[in-house]
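Below is one structure, written out as structure tokens, with a few remarks after it.
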Amino acid sequence: MIARTNTAGVDTSPIRLVIHGGAGTITRSKLTAELEQAYTQVLAQSLTAGHSVLEAGGSSIDAVIAAIVVMEDSPLFNAGKGAVFSNAGGIELDASIMDGSTLMAGSVAAVTTIRNPIRAAHAVMTNSEHVMLMGQGADAFAAEKGLEIVDSSYFYTQFRWNQLQKAIAEERLLQDHDMVPDTPQPDADEKRGTVGAVALDRHGNLAAGTSTGGLTNKRFGRVGDSSIIGAGTYADNRSVAVSATGTGEIFIRTVAAFNTAAQVRLQHIPLTEAADNTLAEIAAIGGDGGLIVLDAKGNYAMRFNTRGMFRGTIGNDGIVRVGIFS
Ligand code: ASP
């Protein structure tokens, strides 16, 4: 893409970053002012981190990583530190990334010692012949590539532990992004989610990434949509970059991210409508959640069929826009 400059010689090619931090029954009455502020702050930090990369002429891939690392490092989100526990009392993280200019992709599943799984997904994409590594092999690969390795205790947070005990007691599989509908004051921990980002850089290239701890009380070894290219993450310069959050099994069955991109590329359906079509398919077989979508012109959509989704966007003007409720 040819860079656009204005009369002052400033590059005015569109740049855009869109992020999410999970979707669910997130309503004003269920989120304290303090928590709302804390979420808003981390979302803004994530947007600013990714925007700095894009503004400096960096790649959409690097912007996606920068934005996601901020949320992985925050205990507020179900990714990296603060991730949910499996039924075996461990933490198993899934992440994936895709470059829309080359259709290169990388992912890791069920990793337990990598501080920032999104960096490991990127290393698989750039430093291996593979697209997906899982479990011990992925952990070993990340160590070999010099990524930061932590003791599994690093990911531990008390509220996630309590959440597991509750899920076990109720014999439930907790959709991390879901809250108990009839509970007036559900635990704050039940509304923290998977994180994702989509970005457009000055060169007109799209990228997408997603990172999660999955579901509370999931069977150990379970892998969700977030590490599956086409389900939780997809990017193609010819259509859109997409990152998903929601009921992973159903996002896999509807191939949610690719489904959305295919509607845009093959049927020329506008972004918002494409995302809503995918979410309707998901709802029809019992799922819910959200999608962020971005095209190479900078058009974007942040859609969800839940009560709320932690989300935000930033573009050329550098103004941070954050939303939580519907
Ligand atoms: N999609 C994630 C998973 O199923 C969970 C979420 O987005 O809340 O692992």
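Just so you know, all these numbers are worked out from the coordinates, no wet-lab data involved. Values in this document were obtained by computation on a predicted structure and should not be read as measured data. Here Cβ is always computed from backbone atoms with ideal geometry, including for glycine, and neighbour counts include all displayed protein chains.
Since only V124, A241, I228 are under comparison, the one whose Cα sits farthest along the positive direction of the charge dipole of the chain, derived from C-beta charges on Lys, Arg, Asp and Glu, is A241. Segment 278-297 and segment 36-77 have Cα centres lying 22 Å from one another. Between F258, F141, F85, the residue with the greatest mean-square fluctuation in the GNM of the chain (Cα pairs under 10 Å linked by springs) is F141.
Cross-link partners for K30 among the lysines, with Cα-Cα distance under 21 Å and sequence neighbours closer than 8 places in the same chain left out: K166, K191. Using just its DSSP H runs of length 4 or more, each adding -39500 (n - 2.57), the chain gives a mean residue ellipticity at 222 nm of -10000 deg cm²/dmol after division by all residues. Between H268 and L35, the simple spin-label model (points 7 angstrom out along Cα→Cβ) gives 4.6 nm. Helix 256-267 and the longest principal axis of the Cα set of the chain meet at an angle near 30°. Listed by chain and number, the lysines placed with their C-alpha closer than 26 angstrom to that of K145 are K81; residues fewer than eight positions away on the same chain are left out.
When the chain is treated as a Gaussian network with alpha carbon springs shorter than 10 Å, the biggest mean-square fluctuation among G82, G135, G246 belongs to G135. For segment 70-80, 3J(HN,Hα) computed residue by residue from phi via the Karplus equation (6.51, -1.76, 1.60; θ = phi - 60°) reads 4, 6, 5, 7, 8, x, 6, 10, 7, 6, x Hz, glycine and proline entered as x.
The residue list Q165, A197, S211 was ranked by how far each Cα lies along the charge dipole of the chain toward its positive end, using unit charges on Cβ atoms, and A197 comes out on top. Note: relative contact order over the chain, using C-alpha pairs below 8 Å and six or more positions apart, is 25 percent. Sorting the segments 97-110, 284-297 by their residues' average number of neighbouring beta-carbon atoms within 10 angstrom, most packed first, yields 97-110, 284-297. Reported to the nearest whole Å, the Cα centre-to-centre distance from segment 207-273 to segment 80-125 is 14.
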